Structures are given as structure tokens and as C-alpha cells.
Amino acid sequence: MAAEDPRLVRLTKICLALPETARTRSGEHAMFLIRKKTCAYYLENHHGDGITAVTCKVGPGDHTALVRAQPERFYLPAYIGPKGWVGLRLDRGTIDWDEVSELVADSYRRVAPKRLAAMVKIG
């Protein structure tokens, strides 16, 4: 069995540090859950797009604003992009893992039960 992509390993550490978060894997993709709700995805060549990314839920309108401001780094992932999710590419340039952590923590707080969300501070 091949070793996991180091980007997925690092993302997994970030996500599993959040309260009650679990990881599931399907092929090259991973899903990070709080109970039964997804807070982040690791996508590798999703539907043949050739992109490696972390996708997260963001505030209303933030997904399109991020894509407009930095289209080389952010994109709207298939299916979930129109529902307020944004993809941050992990396959271009140097990865800012602090930015990834903040994006994941914000997504977590948006989907987690209030008691768990209150346990996670951003920034």
C-alpha cells in the first residue's frame, strides 16, 4: 500500500485536533466529520479536474469573493461550491498551513453543534 500524500497527512492532523472530528476515506479523497456533518474534504483529482485541494464551508458570499480575489488559489468545487463551499488548492506554490488551519476551524464552527463550535477559537 502506498504512503499517504504528505498534504493529506498534515490536513488530517489539523482536522483531527478539533473536538469529536473523525476521518473517512474513499479512494484518493478524505472527508472530515463532526458526528454526521462534514466540515472539510481533501480532494485529489475530483471528477478529473487535476486539482489537489482542501474544501471548506465559508460564510455567505465568501466563497465567490475568495475565488474572485485569488482565482489561482481558490475555486468553487463541483456540486458543493454553489452551497457555500470553497476549495483551496494544495497543488500550487507553498502551502500556508496556518491559513489551512483557519479555514478548517471556521468551517468546523459553521457545521458543528454549538457546544463544540464554542470550543474552537479562530486566529
Which one of the conditions (1) over 13 Å from the mean Cα position of the chain (by Cα); (2) closer than 21 Å to LEU116 by Cβ; (3) not hydroxyl-bearing (Ser, Thr, Tyr) does GLY50 fail to meet, given that it meets all the rest?
(2)
Step by step: first the residues of the stretch 77-104, then only those that are within 12 Å of the chain's Cα centre (by Cα) and under 14 Å from GLY50 (Cα atoms), then the one that is modelled with the lowest pLDDT. Which residue is that?
PRO77
Can you give me the number of residues within the stretch 84-95 that are out of contact with any helix residue (DSSP H, G or I) (no Cβ under 9 Å at 6 or more places or on another chain) and either surrounded by 16 or more Cβ atoms within 10 Å (Cβ to Cβ) or more than 16 Å from GLU44 (Cα to Cα) (or both)?
3
Here are SER101, SER107: which of them is closer than 24 Å to ASN45 by Cα, polar (S, T, N, Q) and open to solvent by less than 40 Å² (accessible area, probe 1.4 Å)?
SER107
Within the stretch 50-60, which residues are surrounded by fewer than 21 Cβ atoms within 10 Å (Cβ to Cβ) and either modelled with pLDDT of 95 or more or in contact with a strand residue (DSSP E or B) (Cβ under 8 Å, 6 or more places away or on another chain) (or both)?
ILE51, THR52, VAL58
Would it be correct to say that LYS121 is without any contact (Cβ under 8 Å) to a residue 60 or more places away in the chain, farther than 17 Å from GLU4 by Cβ and under 10 Å from the mean Cα position of the chain (by Cα)?
no
Output yes when any residue across the stretch 25-35 is buried (at least 18 other Cβ atoms within 10 Å of the Cβ), under 20 Å from GLU4 (Cβ atoms) and not polar (S, T, N, Q), and no when none is.
yes
Return the residues of the stretch 36-49 that are open to solvent by less than 20 Å² (accessible area, probe 1.4 Å) and not small (Gly, Ala, Ser); say none if nothing qualifies.
CYS39, TYR42, LEU43
Just name the residue that is farthest from GLY93 (Cα to Cα) out of those in the stretch 1-16 that are loosely packed, with under 14 Cβ neighbours inside 10 Å and modelled with pLDDT of 95 or more.
LEU16
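The values are calculated or read from the model by the stated rules, or taken from the named source; none is laboratory data. Only a predicted model underlies this, so the values are computations on that prediction, with no experimental measurement involved. Methodologically, a virtual Cβ is constructed for each residue, glycine included, from the backbone with ideal geometry; neighbour enumeration extends over all protein chains shown. Ligands, DNA and RNA are stripped out before the accessible areas are found, and what is left, the full protein with its side chains, is counted by its heavy atoms. Shrake-Rupley method; radii C 1.70, N 1.55, O 1.52, S 1.80 Å.
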